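Peer 1: Can you read through this structure? Questions will come right after.
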Amino acid sequence: MAESIQNNYVFSQKHLLGLYHCSADDIRYILEQAKNFREVLERPVPKVPTLRDKTIVNLFYESSTRTRLSFELAQRRMGADVVNFSASQSSTRKGESLKDTIRNISSMKIDMVVVRHESPGVPYFLTRCVDASIINGGDGAHEHPTQALLDMFTILQHHSDLYGKKIAIIGDISHSRVVRSNITGLKKLGAEVTICGPKPLMPAFVNALGAHVSYNLEETLAWCDVAMALRIQMERMGAVTDLFPSLREYHELFGIKRTHLEKYPDFIVMHPGPINRGVELESEVADSDRAVILNQVTNGLAVRMAVLYLLSGGIRV
């Protein structure tokens, strides 16, 4: 897998706000610890008591299935006390501010907060309000660090190193937080990244992302070792509904099809979910042995266990 980090490496981060704040060695160390927790998940009883006596709040202001369940399961597998917060069923509906909400929660003596919010920068804001460790579970279209970490972990199950590997991220680049964290993390570990999609789904300052830019799917798939498809995020487009003519036309131009697997036999297929079958991926592609999407889900559990372990300062597995 990745180049090993020495056991005496000091992981100095208190929070995981984004991969921008992590060094290449920090990322490697998280991935190294994730290997240990991936082995834990294969045990007859896939549990370790590393978070016993720790209290963790999952503070989700935005809808989520995979990320919320993955974090919650990781926390419970490690023996933590878990509190799930849903904005739709909280005092925020009565006008309570985010600052007051987190301070009230913090007064209950919590150790960590996993937060997802539609506004970029909220995880950083929370670090100024409470003493608990903050983990970014996705903030707007800014970052989603644990998704990028699990993506890198999954790639390393198929390639011995990320250095020099060619990673294509295809789809709705403009509205994706996954792409920003992935570009940052992958480049820190030496990978080459190309983003590909329709021009209207590229951000205004696309070159500032630090990746190659392509508008040609065929050229991109012929080049890459990994093809990571992204969902079109209609919910983030607001009133703007004319960024592309139709989902059918999008699929014709930028959807990965069975014929692509036959034509380009080397790349693996990834997707952060949820998949829109028949849009970014044909069903035959999503269900093929070239797709590692379900492995991403399992690896997400191991990676989140590793992040929780490192931020808690717990004992070694």
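The values are calculated or read from the model by the stated rules, or taken from the named source; none is laboratory data. Source: prediction; values computed, not measured. All Cβ positions, glycine included, derive from the backbone under ideal geometry; neighbour counts span all protein chains shown.
Peer 1: Select from segment 34-53 the residues that are buried (at least 22 other Cβ atoms within 10 Å of the Cβ) and either within 17 Å of residue 295 (Cα to Cα) or free of Cβ contacts under 8 Å to residues at least 24 places away in the same chain (or both) and write down the one among them that is farthest from the chain's Cα centre (by Cα). Explain how you work it out, then say what you get.
Peer 2: In the first step, residues of segment 34-53 are kept if they are buried (at least 22 other Cβ atoms within 10 Å of the Cβ); the result is 34, 37, 51.
This time we only want the ones that are either within 17 Å of residue 295 (Cα to Cα) or free of Cβ contacts under 8 Å to residues at least 24 places away in the same chain (or both), so: 34, 37.
Numbers: 34: 14, 37: 17 Å.
So, considering only residues that are buried (at least 22 other Cβ atoms within 10 Å of the Cβ) and either within 17 Å of residue 295 (Cα to Cα) or free of Cβ contacts under 8 Å to residues at least 24 places away in the same chain (or both), the one farthest from the chain's Cα centre (by Cα) is 37.
Peer 1: Is it fair to say residue 119 is at pLDDT below 95, assigned to a loop (DSSP other than H, G, I, E, B) and not assigned by TED's automatic domain parsing to the domain that holds residue 252?
Peer 2: Numbers: at pLDDT below 95: yes; assigned to a loop (DSSP other than H, G, I, E, B): yes; not assigned by TED's automatic domain parsing to the domain that holds residue 252: yes.
When the stated conditions are applied, residue 119 passes them.
Peer 1: Applying the selection to segment 289-317, what residues are part of a loop (DSSP other than H, G, I, E, B), more than 17 Å from residue 148 (Cα to Cα) and out of contact with any Asp or Glu (no Cβ under 9 Å at 6 or more places or on another chain)? If you could, list the steps in order and put the result at the bottom.
Peer 2: Of the residues in segment 289-317, the ones part of a loop (DSSP other than H, G, I, E, B) are 289-290, 292, 313-317.
Narrowing the set further to residues that are more than 17 Å from residue 148 (Cα to Cα) leaves 289-290, 313-317.
Matches in segment 289-317: 289, 290, 313, 314, 315, 316.
Peer 1: Restricting the search to segment 185-226, which residues are of a type in the set (Gly, Ala, Ser) and under 19 Å from residue 255 (Cα atoms)? It would help to see each step written out before you state the result.
Peer 2: Start the filter on segment 185-226 by keeping residues that are of a type in the set (Gly, Ala, Ser), which leaves 185, 190-191, 197, 204, 208, 210-211, 214, 222.
Passing the criteria: 197, 214, 222.
Peer 1: Considering segment 150-168 alone, what residues qualify as being among the aliphatic types (A, V, I, L, M) and within 12 Å of residue 299 (Cβ to Cβ)?
Peer 2: To start, the set of residues in segment 150-168 that are among the aliphatic types (A, V, I, L, M) comprises 150, 152, 155-156, 162, 167-168.
Within segment 150-168, 150, 152, 155, 156 meet the criteria.
Peer 1: Hey, residue 173 hits all of (1) more than 18 Å from residue 281 (Cβ to Cβ); (2) part of a loop (DSSP other than H, G, I, E, B) but one; which does it fall short on?
Peer 2: (1)
Peer 1: Tell me, please, whether a residue that is at pLDDT below 95, over 30 Å from residue 123 (Cα atoms) and surrounded by 19 or more Cβ atoms within 10 Å (Cβ to Cβ) can be found in segment 190-199.
Peer 2: Within segment 190-199 (the criterion being at pLDDT below 95, over 30 Å from residue 123 (Cα atoms) and surrounded by 19 or more Cβ atoms within 10 Å (Cβ to Cβ)), the answer is yes, since at least one residue qualifies.
Peer 1: Taking residue 20 as the residue in question, decide whether it is outside any loop (DSSP other than H, G, I, E, B) and modelled with pLDDT under 95.
Peer 2: Numbers: outside any loop (DSSP other than H, G, I, E, B): yes; modelled with pLDDT under 95: yes.
In short, yes.
Here's the yes/no breakdown for (1) part of a loop (DSSP other than H, G, I, E, B); (2) at pLDDT 95 or above:
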position	(1), (2)
130	yes, no
137	no, yes
155	no, yes
158	yes, yes
179	no, yes
183	no, yes
203	yes, no
222	no, yes
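Peer 1: Then there's this: Inspect all residues belonging to segment 73-82 and state whether any of them is surrounded by 20 or more Cβ atoms within 10 Å (Cβ to Cβ), in a helix (DSSP H, G or I) and touching a Cys at 6+ places or on another chain (Cβ under 9 Å). Before you say what the answer is, go through the steps one by one.
Peer 2: Within segment 73-82, the subset surrounded by 20 or more Cβ atoms within 10 Å (Cβ to Cβ) is 74-75, 77-78, 80.
Of the ones still in play, those that are also in a helix (DSSP H, G or I) are 74-75, 77.
Still in the running and touching a Cys at 6+ places or on another chain (Cβ under 9 Å): none.
There is no residue in segment 73-82 that is surrounded by 20 or more Cβ atoms within 10 Å (Cβ to Cβ), in a helix (DSSP H, G or I) and touching a Cys at 6+ places or on another chain (Cβ under 9 Å).
Peer 1: Out of all the residues in segment 88-101, is one or more at pLDDT 90 or above and of a type in the set (S, T, N, Q)?
Peer 2: No, segment 88-101 has no match at all.
Peer 1: Okay, moving on. If I filter segment 254-287 down to residues being touching a helix residue (DSSP H, G or I) at 6+ places or on another chain (Cβ under 6 Å) and aromatic (Phe, Trp, Tyr), which single residue comes out as nearest to residue 171 (Cα to Cα)?
Peer 2: 254
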